[in-house]
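Novice: After the structure tokens below, expect a handful of questions from me.
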């Protein structure tokens, strides 16, 4: 029997729902600000347009959940399972998603500014036109991810895996890509000005018309040097 508290637009702010089974529930437009949903099962739930600001979703099962245009600012999504989740246009600014699984998730147009995505799994995720300015993606897996037109200015991608990723026309100005794997990634028209590519792996990467002014790379003696506008490095 469905709990009568759970309906579209419901006010569940501050509710303790840790470990609850909320699979397939319709909470579209609901207010879940400051709610505790840690370890909850929200598989295939409809949370589109919901407010989950400051909510605790750590370790929650959010597979196939609809969070389209949801407010997840400052939410705790550590180790959450978001495979195939729809987060199109969601506001995840300053949210913590460290260790979260977002494989094949839709994050198109999402706001991930200053979000913590350290060690997150974003394989095959769609991040087209996403705002990732200042985000921490160190150690994240972005293999085959679509980051075309995304803004990653000032982002940290140290040790990130971007093999075969699509970064067409993305902005990576002042980004830290040291030790990142960019093998066979498409970096066509990418703005890499003043970014750090020291020790990065660039074998097979497409850098056609990329802006490499001021890019730092490791030289042959272990020091760093700058690439000019028409030069590239393969490691």
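Each value in this text was obtained by applying a stated rule to the coordinates, not by laboratory testing. For clarity, every value in this text was computed on a predicted model and none was experimentally measured. Glycine gets a Cβ as well: all are built from the backbone with ideal geometry, and neighbour counts include every protein chain shown.
Novice: Between residue 7 and residue 184, what length comes free when the chain is fully extended (0.36 nm per residue of separation minus the Cα-Cα distance, one decimal in nm)?
Specialist: Residue separation times 0.36 nm, minus the Cα-Cα distance, leaves 59.1 nm.
Novice: Provide the convex hull volume over Cα atoms per residue for the chain, in Å³.
Specialist: Value for the chain: 78 Å³ per residue.
Novice: Kindly state, to the nearest 0.05, the FRET efficiency for residue 18 paired with residue 209, given R0 = 41 Å and r defined as their beta-carbon distance.
Specialist: With a Förster radius of 41 Å, E is 0.25.
Novice: Compute the convex hull volume of the Cα atoms of region 127-203, divide it by the residue count, and report the result per residue in Å³ as a whole number.
Specialist: 60 Å³
Novice: Would you mind computing the Rg to Rh ratio of region 1-41 from its alpha-carbon coordinates, Kirkwood style for Rh?
Specialist: 0.92
Novice: What number, in nm² with one decimal, is the all-direction average of the projected area of the convex hull of the alpha-carbon atoms of region 70-180?
Specialist: 5.0 nm²
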